[in-house]
Each structure stands twice: as C-alpha cells, then as structure tokens.
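What follows is one structure encoded as structure tokens, with my remarks underneath.
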Number of protein chains: 4
Amino acid sequence: MKKRSRFLQVPIEPFTVDPELKADEILEKMERISFQGRSLGVAHRVWQKMLGDDVTIFMGMAGALSAGGLRMVVAYLIEHRYIDCLVSTGANLYHDLHETRGRHHYLGSARANDAALAEDRIDRVYDTYASEEEFCDNDVWIGDFVTTLEERPYTSREFLNLLGNHLWKETRQEGILTAASRAGVPIFCPAIADSSIGMGLSQGRHKKRGSGHIDIIGDIVESANLVIRRPRTATIVLGGGTPKNFINQASVQAEFFSSAVGGHKYAVQIVTDVPHFGGASGSTLEEAQSWGKLATDAAQVTVHADATIALPILVTALARSSSALAKKRSRPDFDPSRREMVIDGAAISCETFEETE
Amino acid sequence: MKKRSRFLQVPIEPFTVDPELKADEILEKMERISFQGRSLGVAHRVWQKMLGDDVTIFMGMAGALSAGGLRMVVAYLIEHRYIDCLVSTGANLYHDLHETRGRHHYLGSARANDAALAEDRIDRVYDTYASEEEFCDNDVWIGDFVTTLEERPYTSREFLNLLGNHLWKETRQEGILTAASRAGVPIFCPAIADSSIGMGLSQGRHKKRGSGHIDIIGDIVESANLVIRRPRTATIVLGGGTPKNFINQASVQAEFFSSAVGGHKYAVQIVTDVPHFGGASGSTLEEAQSWGKLATDAAQVTVHADATIALPILVTALARSSSALAKKRSRPDFDPSRREMVIDGAAISCETFEETE
Amino acid sequence: MKKRSRFLQVPIEPFTVDPELKADEILEKMERISFQGRSLGVAHRVWQKMLGDDVTIFMGMAGALSAGGLRMVVAYLIEHRYIDCLVSTGANLYHDLHETRGRHHYLGSARANDAALAEDRIDRVYDTYASEEEFCDNDVWIGDFVTTLEERPYTSREFLNLLGNHLWKETRQEGILTAASRAGVPIFCPAIADSSIGMGLSQGRHKKRGSGHIDIIGDIVESANLVIRRPRTATIVLGGGTPKNFINQASVQAEFFSSAVGGHKYAVQIVTDVPHFGGASGSTLEEAQSWGKLATDAAQVTVHADATIALPILVTALARSSSALAKKRSRPDFDPSRREMVIDGAAISCETFEETE
Amino acid sequence: MKKRSRFLQVPIEPFTVDPELKADEILEKMERISFQGRSLGVAHRVWQKMLGDDVTIFMGMAGALSAGGLRMVVAYLIEHRYIDCLVSTGANLYHDLHETRGRHHYLGSARANDAALAEDRIDRVYDTYASEEEFCDNDVWIGDFVTTLEERPYTSREFLNLLGNHLWKETRQEGILTAASRAGVPIFCPAIADSSIGMGLSQGRHKKRGSGHIDIIGDIVESANLVIRRPRTATIVLGGGTPKNFINQASVQAEFFSSAVGGHKYAVQIVTDVPHFGGASGSTLEEAQSWGKLATDAAQVTVHADATIALPILVTALARSSSALAKKRSRPDFDPSRREMVIDGAAISCETFEETE
C-alpha cells in the first residue's frame, strides 16, 4: 500500500455547532480549522503556555482600543496578572482616564456628517463619538496634576504610575491606569508626546515653567534593564505601532549587555496590518527572528483580526481555561512607584545599562 | 444647564470579562463596543431579525471556507433552515464533497516549501494541505456521475441537487451538498466552470460526448423568478466573490419584472476586502442601495473579518439565541430536485421571467 | 578582513528624482528599491521576458477596471499583442460595451448619498457613477443580439467574439470586445452568469425561448486544449477573482492529458487581496507552485497595488521599452470566430481533451 | 428631452497609452479615471495647490521608507522646499543616517530563512536586508555624538538639527538629516524613544551620566507655537503612525490658544491602513474634520497605496510640473539650529504656548 506524504499528518476537523459551548471550548475547536480562525485558537494555546512558564509577559497596545470598549478587558489582564508590563500609546491611556473620570464614549456612525459633528464639537473615531469639551477638561485636569510634580524628568513609567494613583484617589474607579498602579504593573508610553496625555503635560508646563519633563530615553534604559534582570520574556501585541517595536527594542537592547537574553520565548500578535508594505506594525514574527527580537524556536502566532473581535473572545476564554495558571504562575514582583523601578526587591537604573557577564 | 449634543446618546459599555459567558451573551455585549467587534454583535442581531420576519434568506459563500473547516457550520445552517438558498463558489462545494467522501484536508503551514509539496503532489491553500491524488479521484467520481445524466442542459441548481442526492446515497454522510439535497435548499453555482466541480463536468463530457451541459443562464432566470415569487429577501454574504453579486443580481433582475421587489430587506456581509479599490467583493452595502440591490431602509451590517473567526462564533451564538425562531419561522418551501424548481407548490421557469403587474 | 555575509549582495539604490524620466525609466529604477515599488519594477521586467520568449500570454481581469478607466489600456494590450488570450469577469466586458456604445461612466464621490443616487437611478461603483437607464438599454441591446444567434450552446469564447464583431459593425469604436474580435484574441468569461452580460443573455432567452445557452464547460475543455496545443504559457493577473483561477485551472487540467505541460513559465499578479484569509484572489504565486499551476522555477512577481495605479504606469512603460519585442514575438495565431477555435491553423475541440503521449 | 441627473457631470476618460508620457502627464490623465489611480492624480493636483498658496507644509513619514529606497526623494522635497517641516519616525532617520554614513541596505527576499539570517546577523525588513554589525556601529557613533552635547534637555527638533550638522561635517553626503540641517527644515521625532536613534541616545547616557535627554513635551509646545505663528497649514502624510497624529495634534493644540488656527487647508495622505479598525493610521480625512484637525472645506485626498509605488511617481511628476511654483512660493523661514527655534526672524518658545487674541 502507498505511503502517505509526510505533509498529511493532522486532519482539519470541521467546526461543529454546539450552542452551549463557552469561549475556551470554541477556541479549542478552532485550533483544528484553518486560516485566522486557527490562529486565534493557537493564540489561546500560546498564551496558556506563557502563563505556565516563568516569563515576564509584556503587552503592547495600539489602536483606539480604550475608546472602542476594551479598557476593562485590559484592566482585567492587569489585575489578574495575565500580563506583567504594559506598553501603550498615549491615546489608549487617555481614553481610559476619560472613562475612569466618569465620562463616556458613545455609539456613533462611521458614515457621519463630520461637518455637523464639528459644529457640535463632537470628535469621531470611526463609529464612536466623544465630547471635545470633556476632552479639554481632561487636559486641564492632567495639566493641573503635572504642576504638582517635582521639577525633574520622570520616566513615562514613573509618571503614569503616579497619574494612576492620583486617578484612583480621586475616583476609586477601575480602569487600565488605576489597575496598573494598584497591581504594581508598570506602563511605558514611549510615544507619550503624540497623544492627549502629552498635550496635558504640555499644558502643565505652560502653567508652571519647568514642569512636564518626560524622560523617554530613561524608559529605554529601564525597559532594557528589566529584560536584563529577567531575561525570559514573552510578548502579546495588539495592533502594532510604537508599543510593538518598543517591546522588541527592549529585548534587542538588553542583548547588547547580557548574553542571557535571547529574544522572546513566546509571541502573540493580533494585527490588521500586513507585512508586504514593509511597515513594522504588520511585520511578521519570522522577520523578528532575524533581528533576534524573538527566539528562533519561540512558540508564536500572528492573528490577522480586529482586536475588538479577537480580544473579548480570547480573554473570556483565558479567564475560564487559565485562571488557576494565572494565580500560581511565577511572576515578577515590580514596584513601579519609585523613581528607580524595583524588580524582585532590587532597584534598576534608568541611567546606565546593567552589564552582566 | 447645557444641552447635550444630539450625537451623544448611547454610551459605549466597556466589555467586562466573565469566563462563563456563552457565544450569544458575548455577542450581545459586543453590540455596545466599537469597530468590527460591534459589527459582529450587530450581525447577530440582524440575522435574528431575518429569522423573525417573513423573508427568503440567501447565503453567499466564497473563499476557501469548506477546506478551512466551516462546511459543517454551513450544513447546520441549511439543516436548521437559518438560510433558504445557498449561492456558492464551486471550490466550496468540491471541498465539501471531498470530505463527505471520507477524505480530509490537513493542518499545514503558510510558510511551507512549495516545491517540496509539489514533489509530494500536495496542494496548499494557505495553511491547509490536501492530496492531489485524492482530488483527481474526486474528479473521476464526478465525471462518472455526469455520464449518468440525460443529454440536456441542467441548471447548476438542478445538477447540484442531483449530485447531493447521489453523494448521500453513496456515503450517508452529512455535509453541505447532502444537507441541501435532503433539506430542499437550492444551491446555485454561477461560476461552476471555474472550479474542480467544473473540471469533473468537463471530464464527464470527455468520457461521453454531449454530456456535462450546465445552463447557467437558466440559473439567472430561475433565481430572479424565485425573488419575483417571494419578493421579500435577505442576504448573508461570506467573503464576496461571484455569490455576493449573483444574489444581488437576482434582486435587480427581478425588479425589472415585478414592482413588488424592492431590494433585500436585511443584509449581513462578512468580508475581508475593502471598498476603495472598486471591486464588488469589498463594496459597501450603502453602494448596493444606489443599485436597488438593497432597500434603502434595510437593516444591514458589514463585518470586516475572516469568516473562520466570525462564523463559528456567530453561528454558535445564533444556535443558542434563535433556535426557537428558526423552528417557527415562515420559510419558503422549495423542491429543487425537479427540472423546474417548485416554490411553495408551484413550479417556476428557467426559460422566461415571470411578469407580474 | 572580514567576509561579508552571502545575504548582502546587491545594495538598495535610493530612488533619485529626475523630472524628465519616462515611465519605463522610472520602473527600471524602482527595481532597486524595496517593497511594492520594487515589485512593480520587477513586473515590468518579467513581462518583458514573456515577450521575448515563445509563450502564450494569458491575462485575467477582475475588479471594476473597465468602469474605472482602464479599458483602453487593455484594448492596447490586445491590439499590440502584449497578451494573447483574455479571461475576464462579465462586468468588465459589459462596462466596456457600455462605453463602446457611446455612453459613459462618470466621476463621482465615494461618500455619496446613495439614497439620493437611487432616486435618480444612478448606480455607484465606489467613486464612479453610471445611469441605470443606459444600463437597461444595453441589456435590451444584448438580448436582441442573442435572439439572432442559432439555438445551440455557444462557448463564452465564441459568443464574445460574435458580440465583439457585432459591436464593431455597429459602432466602429475601439474597446476591449471590439479589439479582441479584430485581433483574433479569444476572450473567456467563465462567470458570465454573474454579470450584466449574463442578464442580457437571460433577456434574450426571455424573448426567444431556447436562446441564450452558454457552454461554460466547453470553455474548460477548450482552454485546456489551448494549453495542450501550446504548453508554454504565462499569466498576468489583475485583481484575482474567477479569471485568476480559470487560467490556472486550464494549466492544471491540461497537465492531466499532456506531460509537456508544466505550469506557467512566467507570472505577474497585481492584486489587493492578501493571502492570510485563504481566498484564491489573494493567494501567493508560491502556493500556486504546490498545485503545479506555476512552474517551480518560474519568473514571477506579485504586486500588491490597485490596478488603477499600477496598470497605466506599467503599460506606458512597456509600450516604450518593449514595442519592438511585442512586434517580433512568436505569438500564437488564433481564430476565435469559429465554433471550434482554430490555433495555428488547426481546430481544437470543446468536447474532448486532446491526449498526447 | 429628458434632463440628465445632476450626478452625471464629468465623464471618466479611459486612460490611453502613450509611451512618451512623463510622470506629470500620466498623473494628469489619471485624474479622470477611478479608484486609487484617480486619488494619486488628485494628490498631485492638491500638492500643486499647496505650493501655489501661502501655507506651511508639514510632511509626516512612517513605515520603512528610508530603508526601502525613498530617502533621496524626501531629501529632494526638503532641498527644493516642497515641504517645510518634517515629522518622522526614528527608524526613517536612522536608516537615512546609516546610508549617509556610507553603508547600505540590500535587496533581499520576503521569504527568507530568518534563522539563517539571524546566524549571519542580518536584519530583515520584508524584502530588504542590513548588517546588524553596521547598525551597532551607528549606535556607538550616535552615542559618542550624544556625549558631546550639553547636559540639558534638547527638543527632538534641536537634537536632530545638530545631528544632521554633525553628519554633514563628517560625511558631506546628502540625505534627509543632512538636507534638513542645511535647508533649515525642522524635523520633529515625537516617538524617538521607539527607534535606534533612541537606542543611540540611551547608549550616550550610559557612557556619560546625565546626557541623552530629549524633551518631547517641548516638541509639543514648539510645534503648536509654529502653527500659532503661521496658522495656515497643509499636511502630507506617508504611512500614518505617530507623525500623522503629531501634525494634527499641533493644529488642535494651537487652536486652543489662537482663533486664527482653523485646521489644515490642504491634506494628502498616502496610506495602506484602512479606517474600519479604528486606528489613527488608517483614519479618514473626513474624520479629521470632526476634530478640527482639517478645515471642513479643505482640499484633501487619501491615496490607498504603498508609498514605494506612489512617491517616486508623484515626486517625479511634481518636479516637472511644479518646480517654478516651488521656487517662488511663499515659504516660512526657519532657523531650527537654536535652542529656541526661529521662525521668520523671531524665536518661539518650547516652554509656553503663545497666546493671541
């Protein structure tokens, strides 16, 4: 009898409908279908592996996910320590702050009359609206907070931790910033200047000369030292952008100073960009291996999907399949509230890279 | 006190994580977030409305969905009459037949060595493999069946019904073709010449001169008559392609002959193409209104997502939220096994359009 | 001195601005940059190679290219025999016929009010408008022509040749259909049932029972025999869809009957779809090699771009760089006006595949 | 006689092939076709309008355009003042510096074996390679330069001007950084921390404690003051990302302090992202109007295309059609070499916003 090709090993199992399935059960079945459905199933599996291993889990977050209704999903991941360190765009933190302060974003239409919206001072993000007036009030609120700080540079990580604390004191409301401050999860925001958080900082400086200094080069040093101190890492990327690259850069930079660093051991990216235009947001995880950003034997998967579809399902599934794993996992112990961040009891510098031999 | 803008009515409700949620509960919460997550939630809602109304529900199916593991989801929709009429590419029917005949598609890699696959005669569809030899055997099987038919033109609808019956007799296995034949759901395949079903037909003709005639112009007449007879319609499109347009064309063509036809009352499309390159697959449902394909007051939604992610979740949700609706709905009664299709007890022509006043 | 890596061979040469450059000179410089710019430059080079070799050049055409202003570019390619055989969607032929008959498509807006357009009976294709009334008149015109034909099945190739002749006699205007009829370039339209050409055919049948039979299975046999007779082939694909697959299918089908057939020797595809959703339109040329659609050593390139950008530049460039090549090339001599198409003086069947040893 | 619809005004003019056409002639003809071809033609027209008006022209640049062979095109735009102010990602400036220092990027393959590349320490950007060793040498070179600066914060604009000067002194080679320093065109890099320029800065600090401070909040104040001083602006965006938003933010921030600011008067964006996932990179220019980023009567166009295709053609065309316009245009006179940037002879602050009445 004829030998089967070595390429034909595991059959596709057509997805069968069962109305009572829960999210994790759906994703487990999707591992055996094709295309991006399979990728989403594999993402669930790879994240579980991260939780069962001793790795520091970075999450990068770009795109209008907070305005778009995913901020409490990210807060959940922080509180239950499915992730250890968040790298975000400023906009996601700003829209989180907006809602934590009791305001809202609103259901809108992608085919709106933008001139009419402009007349009413309504800002549109695709199918979502917000009040510009309320946004201006946030800017003032951030600016006022900025004037209470010392006249010295703050890393974005230190600043955002203080901002989260201040927000918690004032609101006692859950959200990304408040959850991170309370859970000791550091947040980096390398492109903070390109956001309304940055605008608030600039208004603080306008009020009080010499204030509003963010030391984003310190963030580079600190994030690399974090990896040097804990060289086994994993990355979960939502939407590409500066967070995706910043996480990879921390690994590459750390590798210059420590031979123990060998690229992320696990990687999940949920992106809508494509590789063939050469931009970093859409670049493949394979490409990341050429740079040493990702270990060549890493467990990794790219899901080409909108995070507003993929994340609610993926995190609902994880919450059911992996809560025990998340509770007992070996996770780093951070104190991001100090000028020098403390990792597992010892401070790291934002001035000099830690050299190891 | 200041009046709120009329644009700020319904707040976004951030998705909160609950591990025990079932698919319909997840999608109901997603209606209150943004972007494509919201769209998927709305698709669930619009489909429910279709089931509660007295409309003929067309489904269009393009892309490698059968090879990719969704054939039993479509079979479920047919069996439980969440849809009334399927328009498909030939490939989806062929890959369905392949598995119904007991063969498989296999998990593969999108970064395969295609020269090595070619040596082993393995055909690749992105991350999915199949045996070319088994495919050739299907072609022979189809060709042999074709030679048993009369020497006259068959609409694709009649041919596919007979093919499904033959397949059921031989295999007693569930699948799209067999479910449709058994449930009396007609399948149209306007581009059957561009598929391996077409190749099988051509091999039948090679074996027996004069066989293998498919009357795809008859399909146009018949599908328009179907709409003329039941002018209230809905459309669910997976992936664009010829099925999307053929369904719309039936409505446009019917409108020439019957003033009762006014475009689809409901429309859901799950597509990955975009509108700005002008192709029909990515065209918006708004654009369809200019043509009269869609009623200008239709309940409609486009979901920009891979069907291998969207469909398993959407149909799992529907199966739980709407099985009662599906059971008691007013649905058309078809007999697609005759040369002239019978609709609600009366035959329609594939030669002349039915004129009404 | 240290050895350079084998991977670093040919440097990128930054594109330098020269206002006097012509299209071919621009594309030649673009071969030395990156991403899709390079791909477009390579497409120009690969097409030149086709013209210099003894191959039958197929072109596939999907997407609204005729409505969108590219019909005279395609007519130019036909007239000057940069291509030998066209496979098209019906819509592209229909919109060509519309303009050849002296009507127009119009500049419009992608953000139009579609309800207002519907009231005026204006059909929209993204940013382009047309009069529905004029379209209906075309349908009648096609239907009337159909009633003049014999009551027998016509391959789409034979029918379209006759339609082009009729159109030329009536209008004496250049276009795709008229150019192809005059130049002896066959046009196949496997999905003719999914287009307004198909609607015209159905209206012909409505007028005269028994007319309007298109034998699209005959097209499969004939296109495969074309490849069997001339086994060295090349393919240029615009926009994917049924034409892309039909051209590949001809090659795969031919291979069953002739060992001389080994897949396309050259391939250029200009597409906007992506591979990762599994659809055939976006599938890679590498994947095509696993199926034997494309020779594993083929010169091939995929350009991810809208054809309305890529094609005007590419064909303007070719017209300057390669007109001598196009004039003196070894090209097939077709007579597509007969019931049995004549290739290099001998007829081929649309009933049985030609078997060779 | 029947009245034509008001929607049918200007017919599409099918593109006709003329081998001798130059780039501007091609683009002028493309204004009369459809889809993205038309958009590219309109982009040429809108840019011409900018040059003929008295506006400050911002350009944003994201994606791997410098590595990909477009750095000399951007340098040309700077030297000939088709633009007045550049906002860039750090990577584009870094890859520019790499080549200005005499190194290269190399033609590579998108289907490379990344593990093999990693072994050779070759970094891949889609189809383009570079030597990691040479990159490390750049980092050292930047770090050494950083240690020569004063121990105070520098805006990214001041730092990049000094870096460009230093690079010119050492190399006398053209490029983006050197052209900008010589032409007095300011460059902002709000996300400098997320790039190898940032890594070089961090290595400077590692060498000399207290160095490497970039005041990106100062960039916000300064860029807004630039708009307040010259409230009529235009924007050209390549690829979205932080530059796109930073340019819009400058306008929004300026509006808080000056009623003369009313959003960009002209806007061209060449992007590959799409709007429907909610991210800022793909957001429409219409949406920008709701925020006041763009005047509601602005002349604007979005081109959905890879910049490596669109930019060489567009700038070649502009260089021919508009060099006289560019020479005689009213353009701002900047001195970006001072700690406080000088605009038309007067310094602006990076500490406080300029308030006007």
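Miscellaneous remarks
- Boolean, residue A:238 is under 20 Å from residue A:269 (Cβ atoms) and crowded, with 24+ Cβ neighbours inside 10 Å: yes
- Cβ pairs under 7 Å, 6+ apart, first in segment D:137-154 and touching a residue at least 24 places away in the same chain (Cβ under 8 Å) and of a type in the set (Val, Ile, Thr), second part of a loop (DSSP other than H, G, I, E, B) and surrounded by 15 or more Cβ atoms within 10 Å (Cβ to Cβ): D:146/D:211; D:146/D:212; D:147/D:208; D:147/D:211
- Search result, residues across segment B:129-145 that are among the polar types (S, T, N, Q) and not in a strand (DSSP E or B): B:138
- Taken together, the residues in segment D:304-349 that are of a type in the set (A, V, I, L, M, F, W, C) and within 14 Å of chain C (Cβ to nearest Cβ) amount to 14.
- The residues in segment C:290-300 that are closer than 28 Å to residue A:305 by Cβ and either free of Cβ contacts under 8 Å to residues at least 40 places away in the same chain or not in a loop (DSSP other than H, G, I, E, B) (or both) can be counted, and the count is 1.
- The set of residues in segment D:185-207 being in contact with a Pro (Cβ under 6 Å, 6 or more places away or on another chain) and over 15 Å from residue A:215 (Cβ atoms) consists of D:186 alone.
- Test: residue A:317 is within 29 Å of residue C:276 (Cα to Cα), part of a helix (DSSP H, G or I), over 17 Å from the mean Cα position of the chain (by Cα) and not charged (D, E, K, R): yes
- Being closer than 22 Å to residue B:285 by Cβ and modelled with pLDDT of 95 or more is a description that does not apply to residue C:98.
- Filter result for residue D:352 (within 14 Å of chain C (Cβ to nearest Cβ) and either touching a helix residue (DSSP H, G or I) at 6+ places or on another chain (Cβ under 7 Å) or buried (at least 19 other Cβ atoms within 10 Å of the Cβ) (or both)): no
- Selection of segment B:107-144 for residues being under 24 Å from residue C:276 (Cβ atoms) and surrounded by fewer than 18 Cβ atoms within 10 Å (Cβ to Cβ) yields B:109, B:111, B:113, B:115, B:116, B:120.
- Residues that are out of contact with any Lys or Arg (no Cβ under 6 Å at 6 or more places or on another chain) and in a helix (DSSP H, G or I) occur in segment A:258-275; there is at least one.
- When restricted to residues that are touching a Gly at 6+ places or on another chain (Cβ under 7 Å) and of a type in the set (Phe, Trp, Tyr), segment D:277-333 contains 1.
- Sole residue being surrounded by fewer than 24 Cβ atoms within 10 Å (Cβ to Cβ), within 13 Å of another protein chain (Cβ to nearest Cβ) and of a type in the set (Phe, Trp, Tyr), chosen from B:257, B:246: B:257
- Consider segment C:146-159 and keep the residues that are in a helix (DSSP H, G or I) and of a type in the set (Val, Ile, Thr). The one that is farthest from residue C:220 (Cα to Cα) is C:147.
- Residue check, residue B:157 surrounded by fewer than 24 Cβ atoms within 10 Å (Cβ to Cβ) and either in contact with a Leu (Cβ under 7 Å, 6 or more places away or on another chain) or modelled with pLDDT of 95 or more (or both): no
- Within segment A:1-36, the residues that satisfy the criterion of being touching an Asp or Glu at 6+ places or on another chain (Cβ under 8 Å), facing chain B (nearest Cβ under 7 Å) and part of a helix (DSSP H, G or I) are A:35, A:36.
- Annotation: of all residues in segment C:160-215 being acidic (Asp, Glu) and either crowded, with 24+ Cβ neighbours inside 10 Å or assigned to a loop (DSSP other than H, G, I, E, B) (or both), the one that is nearest to the other protein chains (Cβ to nearest Cβ) is C:194.
- Looking across segment D:49-68, the residues that are assigned to a helix (DSSP H, G or I) and within 12 Å of chain C (Cβ to nearest Cβ) come down to D:66, D:67, D:68.
- Residues located in segment B:101-128, provided they are more than 18 Å from residue C:296 (Cα to Cα), at the interface with chain A (Cβ under 8 Å from one of its Cβ atoms) and either among the β-branched types (Val, Ile, Thr) or part of a loop (DSSP other than H, G, I, E, B) (or both): B:104, B:105, B:108, B:127, B:128
- Of the residues making up segment D:5-24, those that are in contact (Cβ under 8 Å) with a residue 12 or more places away in the chain and among the small types (Gly, Ala, Ser) number 1.
- Residue identified as at pLDDT 95 or above and either part of a loop (DSSP other than H, G, I, E, B) or among the β-branched types (Val, Ile, Thr) (or both) among D:349, D:330: D:349
- Complete set of residues in segment B:216-228 that are in contact with a strand residue (DSSP E or B) (Cβ under 7 Å, 6 or more places away or on another chain), touching a residue at least 24 places away in the same chain (Cβ under 8 Å), within 9 Å of chain C (Cβ to nearest Cβ) and hydrophobic (A, V, I, L, M, F, W, C): B:216
- Members of segment D:283-303 found to be surrounded by 24 or more Cβ atoms within 10 Å (Cβ to Cβ), within 11 Å of chain A (Cβ to nearest Cβ) and of a type outside the set (Ser, Thr, Tyr), listed by number: D:288, D:289, D:291, D:293, D:294
- Number of positions in segment D:69-95 that are more than 9 Å from chain C (Cβ to nearest Cβ), of a type outside the set (Phe, Trp, Tyr) and crowded, with 22+ Cβ neighbours inside 10 Å: 14
- Taking the numbered list (1) over 12 Å from residue D:107 (Cα atoms); (2) surrounded by 17 or more Cβ atoms within 10 Å (Cβ to Cβ); (3) at pLDDT 95 or above in turn, residue C:38 passes all entries but (1).
- Residue match in segment D:266-279 (condition: small (Gly, Ala, Ser), away from chain C (no Cβ under 14 Å) and over 26 Å from residue C:19 (Cα atoms)): yes
- Just one of (1) in contact with a strand residue (DSSP E or B) (Cβ under 9 Å, 6 or more places away or on another chain); (2) free of Cβ contacts under 8 Å to residues at least 40 places away in the same chain fails for residue A:134. It is (1).
- Exactly one residue among D:339, D:329 is touching a residue at least 24 places away in the same chain (Cβ under 8 Å) and under 24 Å from residue D:48 (Cβ atoms), and that residue is D:329.
The values are calculated or read from the model by the stated rules, or taken from the named source; none is laboratory data. Bear in mind the structure is a predicted one, so any value in this text is a computation, not a measurement. Glycine also receives a Cβ, built like all others from the backbone with ideal geometry; neighbour counts cover every protein chain displayed.
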